[in-house]
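Heads up: the structure comes next, in structure tokens.
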Amino acid sequence: MGTFTRWLPPKGKLLLAFLFHLLLSVLVAQQASSAQEPSGNLSQWNDRLMEAVRSSPGNTAASTQDYRIGPEDLIEIGVFEVPELSRNVRVSAAGQISLPLIGTVKAGGLSPLQLEQVLTDMLRDSYLKDPQVSVFLREFKSDPVSVVGAVKMPGLYHIQTRKSVIEVLAMAQGFSEGPLRQPGRTIIITRGLGTRWVDRTAESGAEGPLNSPANNPLDGKLPDSIEIPIKQLLESGDPKWNVPVFPGDVIRVAPAGTFYVAGDVTRPGGFPLTDFDTITVIQALAMAGGPTKSASLKNAVIVRRDEAGNRTEEKVDLKRVMQGKDREARLAANDILIVPGSVTKQAALRAIESSIQVVTGVLIWRR
């Protein structure tokens, strides 16, 4: 190659260099589809999330009668043929309700069925011969679950029945799909202080906390936090990852780290690390649309911070990397790949464009 170019005129060398640069751009662009695949999976993940909820609406949800009444809940109490005793009451911070003829009743910690029985017994012992009492939960204010991170609608959700992590994510409308707010690889569930659900799965039939070690599908223990891989949750179909969610839990969809590509590239900007902790410089260049015609591939630089927070720079010859002559450097979260422009190439490109304009003008003038 060197012997051949030595006998070329200057304009021929310039044209050959331009063609070589164009070939490199094509090779980089061919990798763009594979590099951007994690981003394309988001809509599929959300579709699977919603489909999982639609296909099994009753598999993980427990009846509202399994719920333990708590502070700020709104309860509708009905007494058959005694309308003056029927009313909606709000549970106090101490877990109590106040009813006419009966007075103050401890409702906190009871299921609706248990409260029905308590009220029935109190009315039978005092005023009514055969009372028929019904208790219905109108509002669930005491059992919030927090959903934060890379979801479409982060916030506080009050779960009316026991939910699985997939159901709660569906309540938050699934994963966010914005260019800089995409989910990473894991969901982290931080357990609250406790729960108020009736355990109807124990062999003994006794009531107790549903998040007891015997009912934890992961490892028989109740850890302070659980890390769930998103891909396994949505793609493996293994029910062990679709863990139950309890009042007071915090579900955090860890956002993907972001790396940046700047300089003479087609689409400079930030890009998410959705599937991996790091990405190769060639993949990063592909996600940025490849270099422009004036890019100086051999003078690229990776800018990052060391453990002490100091700025460091690593020079990368992208041309040699693409030729397989140098090892392929990798980018992590917050790293910046800078592809500078070549002054010589820019001048040459301007000269070529000017020449084309002149020749075009002459041809038009001659016509």
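The values are calculated or read from the model by the stated rules, or taken from the named source; none is laboratory data. Please read these numbers as outputs of a predicted model, since none were measured by experiment. Note: ideal-geometry Cβ built from the backbone for every residue, glycine included; neighbour counts use all protein chains shown.
Rundown of residues vs (1) part of a helix (DSSP H, G or I); (2) more than 22 Å from GLN283 (Cα to Cα); (3) at pLDDT 50 or above, yes/no style:
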{"position": "ARG320", "(1), (2), (3)": "yes, no, yes"}
{"position": "LYS345", "(1), (2), (3)": "yes, yes, yes"}
{"position": "LEU349", "(1), (2), (3)": "yes, yes, no"}
{"position": "THR360", "(1), (2), (3)": "yes, yes, no"}
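Scanning the range 39-55 for residues that are in contact with a helix residue (DSSP H, G or I) (Cβ under 9 Å, 6 or more places away or on another chain), modelled with pLDDT of 60 or more and of a type in the set (Gly, Ala, Ser) yields one hit, ALA52. Residues in the range 243-286 that are aromatic (Phe, Trp, Tyr) and under 14 Å from ILE336 (Cβ atoms) were compared, and the one that is surrounded by the fewest Cβ atoms within 10 Å (Cβ to Cβ) is TYR260. Does THR60 satisfy the condition of being at pLDDT below 85, of a type in the set (Ser, Thr, Tyr) and surrounded by fewer than 19 Cβ atoms within 10 Å (Cβ to Cβ)? Taking the combined requirement at face value, the residue does not satisfy it. Here's a check for you: in the range 106-117, which residue that is surrounded by fewer than 17 Cβ atoms within 10 Å (Cβ to Cβ) and not polar (S, T, N, Q) is modelled with the highest pLDDT? Step by step, filter the range 106-117, then rank; the result is LYS106. Every residue in the range 77-101 that is within 13 Å of PRO131 (Cβ to Cβ) and surrounded by 14 or more Cβ atoms within 10 Å (Cβ to Cβ), please. ILE77, GLY78, VAL79, VAL82, LEU85, SER86, LEU99 - these are the residues of the range 77-101 that are within 13 Å of PRO131 (Cβ to Cβ) and surrounded by 14 or more Cβ atoms within 10 Å (Cβ to Cβ). Per the listing VAL89, VAL82, the residue uniquely among the aliphatic types (A, V, I, L, M) and touching a strand residue (DSSP E or B) at 6+ places or on another chain (Cβ under 7 Å) is VAL89. Inside the range 83-101, residues that are outside any strand (DSSP E or B) and at pLDDT 85 or above make up a count of 10. The single residue among GLU235, GLU227 that is modelled with pLDDT under 90, acidic (Asp, Glu), surrounded by fewer than 17 Cβ atoms within 10 Å (Cβ to Cβ) and in the same structural domain as THR186 (by TED's automatic domain parsing) turns out to be GLU235. Taking each residue of the range 140-155 that is more than 9 Å from MET171 (Cβ to Cβ) and in contact (Cβ under 8 Å) with a residue 12 or more places away in the chain and looking for partners that are small (Gly, Ala, Ser) and part of a loop (DSSP other than H, G, I, E, B) with beta-carbon atoms closer than 6 Å, six or more apart or interchain, yields SER142/GLY70; ALA150/SER176; VAL151/ALA172; VAL151/SER176; LYS152/GLY174; LYS152/SER176. Could you look through the range 241-291, keep only residues that are of a type in the set (S, T, N, Q) and assigned to a strand (DSSP E or B), and pick out the one that is nearest to the chain's Cα centre (by Cα)? If we take residues in the range 241-291 being of a type in the set (S, T, N, Q) and assigned to a strand (DSSP E or B), then THR258 is nearest to the chain's Cα centre (by Cα).
The rows are residues; the columns are (1) of a type in the set (Asp, Glu); (2) assigned to a strand (DSSP E or B); (3) more than 17 Å from ILE77 (Cα to Cα).
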residue: GLU116; (1), (2), (3): yes, no, no
residue: LEU119; (1), (2), (3): no, no, no
residue: ASP125; (1), (2), (3): yes, no, yes
residue: ASP130; (1), (2), (3): yes, no, no
residue: VAL135; (1), (2), (3): no, yes, no
residue: TYR157; (1), (2), (3): no, yes, yes
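The condition of being in a strand (DSSP E or B), modelled with pLDDT of 90 or more, under 28 Å from the mean Cα position of the chain (by Cα) and assigned by TED's automatic domain parsing to the domain that holds ILE336 does not hold for VAL301.
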